[in-house]
1. When you look at PHE390, is it buried (at least 19 other Cβ atoms within 10 Å of the Cβ), assigned by TED's automatic domain parsing to the domain that holds GLN212, touching a Pro at 6+ places or on another chain (Cβ under 8 Å) and in contact (Cβ under 8 Å) with a residue 40 or more places away in the chain, yes or no?
2. Within the range 197-227, count every residue that is without any contact (Cβ under 8 Å) to a residue 24 or more places away in the chain and either outside any loop (DSSP other than H, G, I, E, B) or assigned by TED's automatic domain parsing to the domain that holds GLY316 (or both).
3. For residues in the range 183-202 being under 24 Å from VAL216 (Cβ atoms) and touching a helix residue (DSSP H, G or I) at 6+ places or on another chain (Cβ under 7 Å), which is surrounded by the fewest Cβ atoms within 10 Å (Cβ to Cβ)?
4. Regarding ASN230, is this residue more than 30 Å from ALA7 (Cα to Cα), assigned by TED's automatic domain parsing to the domain that holds ILE337 and in contact with a Pro (Cβ under 6 Å, 6 or more places away or on another chain)?
5. Scan ASN254, ASN230, ASN264, ASN238 and give me the residue that is of a type outside the set (Asp, Glu) and crowded, with 16+ Cβ neighbours inside 10 Å.
6. Can you name the residue in the range 343-371 that is in contact (Cβ under 8 Å) with a residue 24 or more places away in the chain and part of a helix (DSSP H, G or I) and is also farthest from LEU139 (Cα to Cα) among such residues?
7. Output the residue which, of all residues in the range 246-263 that are modelled with pLDDT under 95 and among the polar types (S, T, N, Q), is nearest to the chain's Cα centre (by Cα).
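The values are calculated or read from the model by the stated rules, or taken from the named source; none is laboratory data. As the structure is a prediction and not an experimental result, all values here were calculated from the model. With ideal geometry, Cβ positions are generated from the backbone for all residues, glycine too; neighbour counts draw on all protein chains shown.
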Amino acid sequence: MDQPDLAEEAYRQGLDYARSTSGNRYDNLQRAIACYKTALQYYTSEAFPDQWQQIQQELAQAYSESVRERLKPAQGFSPLPRSSSRGRFPTPLRQGLLLVLAVVVILAIPTAVIATNYLTRGGLSCVGGRLNIDGSTALQPVVEAAAADYMQRCPGALITVGGGASKTGLADVERGDGIITGVNPQKDPGHLAGSDVPIDIGDSDIFASPVQRDLVDHQVAIGVFVMILNQDVTGLHNLSTSQIQGIYTGVYQNWRQVCPCGPNLPIVPISRTVNSGTRFTFEKYILKGIATVPGIGLERITSSANAVQEVENNPGSIGYAPLYLASQARDVTILSIDGQDPHNFSLVRQDAYKFWNIEHMYTRGPGSPLAQSFIGYISTDDIAQLFSRFGFGHLNDIPLDIRNKHVLEAQ
C-alpha cells in the first residue's frame, strides 16, 4: 500500500472511530484525532486543498466533541443537591451565559488546534510517569539524548530507550509490551534492560506494515545511511549501485574484481538482521530487491554500532550504517554511491543520493500522555538542532513531492 492509500485509509479509519457507537466515546474521538493527523501528513493544504479542508473540519468537530465528553460528569455520580435556589443565576441569564459559552467553545476549536501545534513546537508541557521506547538502533542515540534532556526538565518522567531494531519496535508497540534490549547501561534509569515491559513508542527507519492499522505514525527526521569500507580496502572512494549489488550477491568476491585499483583481498560483506530498518532501506534503495546469496561471509549484526565495529575489525569488509555513526569511526572509509557524496545534504534533498529514509516514532493509537508529550518535545527547535548534530535532516528539509517519490520507489 503506497502513501496516498495509507493516508486515505487513515482518514477513513478516523471517520469510523468518530462515528462509532461502541466503546468509550472519548477514547474513540482521540483515536479519530490521531488518524486525522496522520492523514494530514500527506494531505497538505498546498497539495490537496479540498481534502485538507475536509479533514480539518472533521478534526475540529472531533476536538469539539471530545471537549464536551471531558466536561460530562462521571457515570455513577450525581450533582450535589441544592438546598435552595438562592445564589443561582436567573433562568434568562443562565441561558445567555450558556449561549456565550457555546460560542466561545466553537470559536476556540481552531485555536485549540493551533495552540497544540504551538506547544509542540515552541514549549514543553511536562508529563510524569514511565515511558519505554524500543526499535531502531539508528535513532536510539539521538532519542536517548532527547530523553535525558526531557527527564532533566521534567523530573517526574522516567524514560528508557532500547534498541531492538525497527521491526521489533513496531511489533512491540503494537502488542503493547516486549523484552527491551540494547539499552545503554548508563542510560537505564529504571534498570529495565532485558525485562518484559510495556512498550509505549516504537522507533523505526521504515513505515509500519499496512496490517498494523492501530499504529499512529509520527515522522520526526530524515536518516542518511552510507556504505563503509575497512581501512585495508584502499584505492576505493566510490562504488556504483551495480557494483554494490554484485558484492552482495556474490558476483564479486575479491576487491580486484571490483576495480583494478583495489587490494588483492577477499570481500567480506557485513549485513544486519532481518528486523533491521537500515537493512530494509539498503535492500530497497541499493539492492533494489535483489536477494543476497548465502555463504559468502555474510554477517548478521544486531545494531548499527555493531555493524560499524565489524567493518572496522574485519579486513576486506564492507557494510552499511547511519552517516553519523560511520563519521565517528576512525578506521573506515565512507563511500560515495554513483558519484554522489552522502555528506552533501543537497544531494539527499534532490534524491540524487538515494540511501536515506524517513525516521518514525509510532504509538498505538494516540499514545499515552507522556508519549504524546515526549514526541511533541522531539518536534521542538532545540531537539531539531540535536537531530542535526547527530547527522539527521529535518523532515521539511526535503520537499513533500520528493519524499513521496522516494517512498513509492520502495513499494
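1. yes
2. Residues meeting the conditions: 0.
3. Filtering first and then ranking leaves ASP200.
4. Yes; evaluated as a whole, the condition is true for this residue.
5. Only one candidate passes the filter, namely ASN230.
6. Here the residue is PRO369.
7. Checking each candidate, the answer is THR249.
Per-residue answers, yes or no, for (1) more than 30 Å from LEU131 (Cα to Cα); (2) surrounded by fewer than 22 Cβ atoms within 10 Å (Cβ to Cβ):
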residue: ASN314; (1), (2): yes, yes
residue: GLN328; (1), (2): no, yes
residue: THR333; (1), (2): yes, yes
residue: GLN340; (1), (2): yes, yes
residue: GLN350; (1), (2): yes, yes
residue: ALA371; (1), (2): no, no
residue: ASP382; (1), (2): no, yes
residue: LEU408; (1), (2): yes, yes
